[in-house]
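Report on one structure; see the data block that follows.
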Amino acid sequence: MRLATAPFALSPHMKLFVALAFLAAALVTLAAEKPAPPALDSETATTPAAGAKKARTVKILMRDGLRFEPPRLSLEPGEAIVLEIENGDSTDQSHNFLLLRPGTREAIVQQALSLAEKGPAQDFVPQNPDIIVSSKLLNADGSAKVKFTVPATPGVYPYVCTFPGHGMVMYGAIYAGVEPPPLEKDPNIPPTALQTVVAGGGRRPFTQRIFMPDAGPAAIAVALVGSQNVCWDAGQCRLRYAWQGTFIDASDHWQGNGRQLPVVPAKPWWRAPKDDFPLRFGTAHASSPTAQFLGYALTPDGPVFHYRAAETEVFEQILPAKGRPGLALRLQIPRATGPVFYRSATDANTTWTSSAGTWNEGLLTLTPAQAKDVTLTLTSALCTP
Ligand SMILES: [Cu+2]
């Protein structure tokens, strides 16, 4: 539609079309700004206005254990959304979906309960102007599309299932123009949500073999005790990067964008250089040895990686640095036959120290005796103890 170039050259037919388009756009806005009638049938709720920005499709799943997946979404205020809701609960439970005005979840859950025997006929959706949009009751494998416009007022808009008995645990939140807090500190999502979203459900230490961004296919993600997390590459037998805060988000349906890799929720504060295995045996300038991964053992402090490099057996454990901002890397090389060298990767923010050996411009030299058990400490100005 070339409105800008030919504003007065519209045929009567076209004028009607344009008028209808604006009316439709106004209705879409109204649906968001004014209380929408509850139990809007998804397919008939609203139609995207001609010329309006294409609605974004977002998926939400109902899962076993009375959970929404994802338990929270970040959307733009005023954004047009097509929400595809799917009941993927394998335990044959029925669920509905209601999007609410901020701070109204508990009251609406109570109101839905008070519907009593009238509940089923209205899909357990009460009459309440604080309901922005709702779906019908979805039986197992049922699905619905709900179209709505994210309210223009920034805020945290709860969503909930009001099927009797579900509302107190089965909920989540849309963050509209508001920065969400770290998942584990989010008061707007239920505690059960961490189990589906953060791998390990917030447990530390926690070790998971998983495809990771910026690592080979045999990556191992570790949530260390405390707040540090690392990606250790079992293909290359070395630490690849470290980040602080929430562990990986391994929910593959997050925001419905089909992302396969888990999300590392914070920018790594340290990254290993590309293609540089850090250990050398015998001479510092030997070429990079081939490393073979032999497995890992779990300890109460996290995994101990076991590999062989240049015929030398190495045990490596990554730990949080005690009382310092960063990591400790404990190396145990029981049978080195000559000096062992560690090529540290330093940048402007990081500092390496060690419990033994001598440093020379980022190169650590260890005698075979020192290499039996040495701890390197990597501290960074970019993280906190
Ligand atoms: Cu439910």
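Values quoted throughout were computed directly from the atomic coordinates according to the rules given, and no laboratory measurement underlies them. Since the structure is predicted, the reported quantities are computational estimates derived from the model, not experimental observations. A quick note on method: Cβ atoms are made from the backbone with ideal geometry, for glycine too, and the neighbour counts reach across all protein chains shown.
Once you put a point 7 Å from the Cα of residue 178 and another 7 Å from the Cα of residue 57, both along the Cβ direction, what distance in nm separates them?
2.9 nm
Once phi is turned into ³J(HN,Hα) by the Karplus curve 6.51 cos²θ - 1.76 cosθ + 1.60 with θ = phi - 60°, what whole-Hz value does each residue of segment 376-385 show in order, with x for glycine and proline?
9, 10, 10, 10, 9, 6, 8, 9, 10, x
Using 0.36 nm times the number of residues separating residue 263 and residue 121, minus their current alpha carbon distance, what extension gain do you get? Numbers along the way, then the final one.
Working: separation 142, 0.36 × 142 = 51.12 nm, distance 4.11 nm.
Taking residue 263 through residue 121 to full extension adds about 47.0 nm, to one decimal.
Near the amide H of residue 78, under 5 Å away, which other amide H atoms are found, from residues 5 or more places off or on another chain, if H is placed in the peptide plane?
Residues meeting the amide H criterion: 150, 152.
Cross-link partners among aspartates and glutamates for residue 136, C-alpha distance below 12 Å, same-chain residues fewer than 8 apart left out?
Cross-link targets: 41, 43, 86, 123.
Under 8 Å for C-alpha pairs, at least 6 residues apart: give me the relative contact order for segment 200-380, rounded to a whole percent.
16 percent
Among 72, 101, 67, which comes first, second and so on when ranked by fewest other beta-carbon atoms within 10 Å?
Working: 72 22, 101 18, 67 25.
Listing 72, 101, 67 from fewest to most nearby Cβ atoms yields 101, 72, 67.
Applying a 10 Å radius around every beta-carbon, put 104-111, 239-246 in order of their mean neighbour count, most first.
Ranking the peptides 104-111, 239-246 by packing returns 239-246, 104-111.
May I ask you to evaluate 6.51 cos²θ - 1.76 cosθ + 1.60, the Karplus curve with θ = phi - 60°, for each residue of segment 357-367 and list the ³J(HN,Hα) values in order in whole Hz, giving x for glycine and proline?
For segment 357-367, the Karplus-derived couplings read x, 10, 9, 9, 6, x, 10, 9, 10, 10, 6 Hz, x marking Gly and Pro.
Please give, to one decimal in nm, the separation of the simple spin-label points placed at residue 322 and residue 209, each 7 Å out from Cα toward the Cβ.
Computed distance between label sites residue 322 and residue 209 equals 3.2 nm.
Taking 7 Å along the Cα-to-C-beta vector as the label spot, tell me the residue 283-residue 348 distance in nanometres, rounded to one decimal.
With each label placed 7 Å out from Cα toward Cβ, I get 3.6 nm.
With a ≥ b ≥ c the root eigenvalues of the C-alpha gyration tensor of segment 200-380, is it rounded (a/c under 1.5), prolate (a/b larger than b/c) or oblate?
prolate
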